[in-house]
Amino acid sequence: MKALLMLENGMTFEGLGFGDEHDTLCEVVFNSAMCGYPELLTDPSYAGQGVVMAYPLIGNYGVCYDDMESVRPWVSAYIVHTLSEAPSNFRCDVDLNTFLKNNHIPGLQNIDTRTLTKVLRESGTMRGMIAYGDPIDTDRMKNEIQSFTLNPTVPIVSCKESSVYGDGPIRVALPDYGVKNNIIRSLVKRGCTVKRFSYDTSFEEMMEFNPDGIMLTNGPGDPKDCKKSISELKKVYSYGIPTFAICLGHQLMALAMGFDTYKLKYGHRGINHPVKDLSENRVFITSQNHGYVVNGDTIDPSVADIRFISMNDGSIEGLTYKSGKVFSVQFHPEASPGPLDTGFLFDKFITLMGGSRL
């Protein structure tokens, strides 16, 4: 079916629909990865977003359910140049088109994603709408885009009930802001029992689990929307329990300590982002998915040191807090772009928790 993408600046891109073809409003962002689209689609951090793939051919190895980062895809729409209709991979469970259709995710193909990506880089992330049919009412689309607001999405993607993973001797409490499965797997395979809590669980309730440490996860949206979580994290820091924070969790801990965050022009989304470790003078290739960062000018050097920075734009990619019990990163060490270069951060967390139990 004929489909049209309209951005809030009035630009339009005409193509063909795929997946579940229904009109949708979203925040339009781009991702530079050549692969990893099953993980991307099921990453809760993409909730509310229409993702444009900069790489032209998507879907050539289908979707393997074992690669999913959550129980369902979370993107609001998926935009590609060319959709592969004949996936070839021995692990393939279903083709991409069918996967999106079964999960009610609309798609758009046969558009100039190179030009669209350049527009988003130059003008920044924008609201947009995809509509299907012939003819398409563009006046209606303009009106709906202008009235569209991005609501907080952490309450939508977080678990509703607690659950436990693994049976190791180290106990980790994990408030779920939109956790990826591989974060939990990374802890379990290192000997942890992980209890996953809803995002709005109080510090006191998490401590009833008697954890050795707390894992703060990734998630979608503006960190400043998570006011209750920020308040609870002040208690976490004051208590002194070992804490490892990733992505949104990194931003929330920074806000809890009085630092500030801001929205990037077009965000960091891809699997090839170079990050420098200032403590070791080394560069790592990282997987990233975020639209907000910690403002380096607001970091109190008596509270935290900057450990990692982006080699692309110099933004903050990680902090080590002076308490010696808390550290955080903006990128995803549980992912495999390097492929396993930054997995040592989980080992560091395990060491901190082991020390706390002696």
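The values are calculated or read from the model by the stated rules, or taken from the named source; none is laboratory data. Computed from a prediction, not measured in an experiment: that's the story for all the values here. Don't worry about glycine lacking a Cβ; one is built from the backbone with ideal geometry, like all the others, and counts go over all protein chains shown. When the accessible area is computed, the model is the full protein with side chains, heavy atoms only, and any ligands, DNA or RNA have been set aside. Shrake-Rupley method; radii C 1.70, N 1.55, O 1.52, S 1.80 Å.
Worth a mention:
- From the list 119, 80, the lone residue that is crowded, with 16+ Cβ neighbours inside 10 Å and over 23 Å from residue 39 (Cβ atoms) is 119.
- Residues within region 44-63 that are open to solvent by less than 10 Å² (accessible area, probe 1.4 Å) and either free of Cβ contacts under 8 Å to residues at least 24 places away in the same chain or assigned to a loop (DSSP other than H, G, I, E, B) (or both), tallied: 2
- Boolean, residue 88 is among the polar types (S, T, N, Q) and within 29 Å of residue 155 (Cβ to Cβ): no
- Qualifying helices (runs of 4 or more DSSP H) (wholly inside region 151-210; at least 1 residues being touching a strand residue (DSSP E or B) at 6+ places or on another chain (Cβ under 7 Å), at pLDDT 95 or above and aliphatic (A, V, I, L, M)): 181-188, 203-207
- Selection status of residue 119, in contact with a Phe, Trp or Tyr (Cβ under 7 Å, 6 or more places away or on another chain) and among the aliphatic types (A, V, I, L, M): no
- Among the candidates 3, 47, the residue that is in contact with a Pro (Cβ under 9 Å, 6 or more places away or on another chain), within 14 Å of residue 74 (Cα to Cα) and of a type in the set (A, V, I, L, M) is uniquely 47.
- Scanning region 127-183 for residues that are touching a Cys at 6+ places or on another chain (Cβ under 9 Å), closer than 18 Å to residue 214 by Cβ and aliphatic (A, V, I, L, M) yields 154, 170, 172, 179.
- Residues of region 309-346 satisfying the condition of being out of contact with any helix residue (DSSP H, G or I) (no Cβ under 9 Å at 6 or more places or on another chain) and either farther than 25 Å from residue 40 by Cα or of a type outside the set (Asp, Glu) (or both): 310, 311, 312, 320, 322, 337, 338, 339, 340, 342, 344, 345
Each row is one residue, and each column tells you yes or no for (1) surrounded by fewer than 18 Cβ atoms within 10 Å (Cβ to Cβ); (2) among the polar types (S, T, N, Q); (3) within 16 Å of residue 44 (Cβ to Cβ).
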residue	(1), (2), (3)
151	yes, yes, yes
155	yes, no, yes
164	yes, no, no
167	yes, no, no
175	no, no, yes
181	no, yes, yes
187	no, no, no
191	yes, no, no
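- Qualifying residue in region 133-144 (condition: open to solvent by less than 50 Å² (accessible area, probe 1.4 Å), more than 30 Å from residue 108 (Cα to Cα) and either small (Gly, Ala, Ser) or part of a strand (DSSP E or B) (or both)): no
- Members of region 202-246 found to be under 16 Å from the mean Cα position of the chain (by Cα), closer than 22 Å to residue 48 by Cα and buried (at least 21 other Cβ atoms within 10 Å of the Cβ), listed by number: 216, 217, 218, 219, 220, 221, 223, 226, 246
- Residue count for region 86-124 under the criterion of being in a loop (DSSP other than H, G, I, E, B), under 22 Å from the mean Cα position of the chain (by Cα) and farther than 22 Å from residue 73 by Cβ: the result is 1.
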